Amino acid sequence: MPEAAPTEDALAAIARLRRIAACAAAGEALGEDGEWLADALAAYLEHADAGVSLEQAFAIDTPRGALPWWRRERLARRDAALRAFAHAAFPKLKPHAQGAAVLEAATRYGASGWKWDCVASELPRRIAGTPRAHLWHAMQAAPLPSTAAGVARAIGAHKLKCPVSVCEPVGS
C-alpha cells in the first residue's frame, strides 16, 4: 500500500516556516509570512483547549497512517544520495545488482569509516570528492534499507538513468 504524501498545503506551510526562520535569523521583516505566522499562532492559542495542535494550526499535521513530512524529506535525501552513489560507483551494473553492490559498500563503510564519520556535522575531508561522500550523506539522512531489494527500491533502480541529487554534491 503506498504511503500517503503530505498535502501541497502542508509542503507550502513547511516552505513558509523555513522562510520565516531564515528571515528571523537574519533580522529581516517577515511581510506576508509574518501575517500567516500570527494567524496560525492565534488559531492555536484560541483553540488549543479544544485539542488543536500546533501541527493542525499550521496545516502540517500528518494524516493517519502516513509518514510525517520531515521523515519523508529525510528519506528523499537518503535515496537521492544512494542514487548518486550507485551512479558514481557502479554505473555499469544492472539495476538490481546495483542494489546489492550499494548495500555491500554501505555495510563495509558502516563497519569502518562510519564509526568515526557519524559524529561529523560536515562531510569529512578525507572522503570529500569521492563516491563514499554520497554514502555519508545517505547515512546522515536516514537509516539504510537492510536488504538489496530495499536498496534497489530506494535508488529507484528502474529509473536510474539520471540520478537526482538533493544532497550536497560530491566535491563541495
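Data overview
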| read-out | value |
| --- | --- |
| The chain - percent relative contact order, Cα under 8 Å, separation 6 or more | 27 percent |
| Max mean-square fluctuation residue, GNM over the chain, Cα-Cα springs under 10 Å, options His137, His47, His96 | His47 |
| Alpha carbon centroid spacing (whole Å) that separates the range 62-137 from the range 5-50 | 32 Å |
| Trypsin sites (Lys or Arg not before Pro) restricted to DSSP loop in the range 50-138 with at most 14 other C-beta within 10 Å | Arg64, Lys92 |
| Helix 95-111 vs. the chain, principal-axis angle (Cα, 0 to 90°, nearest 10) | 80 degrees |
| Length gained when the stretch Arg64-Thr147 is fully extended (0.36 nm per residue, less Cα-Cα span) | 27.2 nm |
| MRE, 222 nm, helices only [DSSP H, n ≥ 4, -39500 (n - 2.57), over the chain, to nearest 500] | -18000 deg cm²/dmol |
| Rounded to 10°, Cα long-axis angle of helix 8-26 versus longest principal axis of the chain | 80 degrees |
| Unit charges on C-beta of K, R, D, E only; dipole of the range 70-159, Debye | 140 debye |
| Prolate/oblate/rounded call for the range 8-66, Cα gyration tensor, a/c under 1.5 rounded | oblate |
| Cα-based Rg and Dmax for the chain, where Dmax is the largest Cα-Cα distance (Å) | 19.6, 59 |
| Sorted by Cβ neighbour density within 10 Å, fewest at the top, the residues Leu82, Leu103, Leu93 | Leu93, Leu103, Leu82 |
| 0 to 90° range, to nearest 10: angle between helix 31-47 axis and the chain longest Cα axis | 70 degrees |
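Bear in mind these aren't lab numbers, they're just calculated from the coordinates by the rules spelled out. No experiment lies behind these values; they were computed from the predicted model shown. Backbone-built Cβ (ideal geometry, glycine too); neighbour counts: all protein chains shown.
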